[in-house]
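Working notes for the structure below.
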Amino acid sequence: MVMTGAMVTAALPQAIVSVFGGVWVDRWNRKLLVMLPDAVIAAVTICLSASMAVGWGDTGLILVVLVIRSAGGGIQTPAVQSFIPQIAPEAWLLRVNAINGTLQTAISIASPAIAAASSI
């Protein structure tokens, strides 16, 4: 049940928020939409680690942090993707998008394996 809750709280908010994130990227400051969610995600993660260090961490708190991190990712991901056409030369755009997609996929696959290996 906990793993199901963790998967839902890690995926559902991002799926919902990313629908609006693309519109926000077109209307608002893209730099702000990259930096602000990242800062919030970092602050929430630091608060979670500090609360766990003093013994206050529980499953509910972890799920709340997962929701916040997921919602932040739903804003940040479209904002980062919208920067690529602005910073890459048009002749290299296809290659840069392909490399970015490959790196994102590799990171999402490798991260759990690295985390599992580092906890041994």
Which of the residues that make up region 94-112 are farther than 18 Å from Thr77 by Cβ and modelled with pLDDT under 85?
Pro112
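Can you tell me which residues in region 5-58 are of a type in the set (Val, Ile, Thr), surrounded by fewer than 13 Cβ atoms within 10 Å (Cβ to Cβ) and at pLDDT 90 or above?
The answer is Ile46, Val54.
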Across region 19-33, the tally of residues that are out of contact with any Ser or Thr (no Cβ under 9 Å at 6 or more places or on another chain) and either among the hydrophobic types (A, V, I, L, M, F, W, C) or touching a residue at least 24 places away in the same chain (Cβ under 8 Å) (or both) stands at 6
With the structure loaded, tell me whether Ser70 is at pLDDT 90 or above, among the hydroxyl-bearing types (Ser, Thr, Tyr) and closer than 23 Å to Pro112 by Cβ or whether it fails that test.
yes
What tally of residues in region 61-89 results from selecting those that are in contact with a Lys or Arg (Cβ under 9 Å, 6 or more places away or on another chain) and more than 18 Å from Met35 (Cα to Cα)?
1
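The values are calculated or read from the model by the stated rules, or taken from the named source; none is laboratory data. As the structure is a computational prediction, the values presented were derived from the model and not from experiment. Cβ: placed from backbone, ideal geometry, glycine included. Neighbour counts: every protein chain shown.
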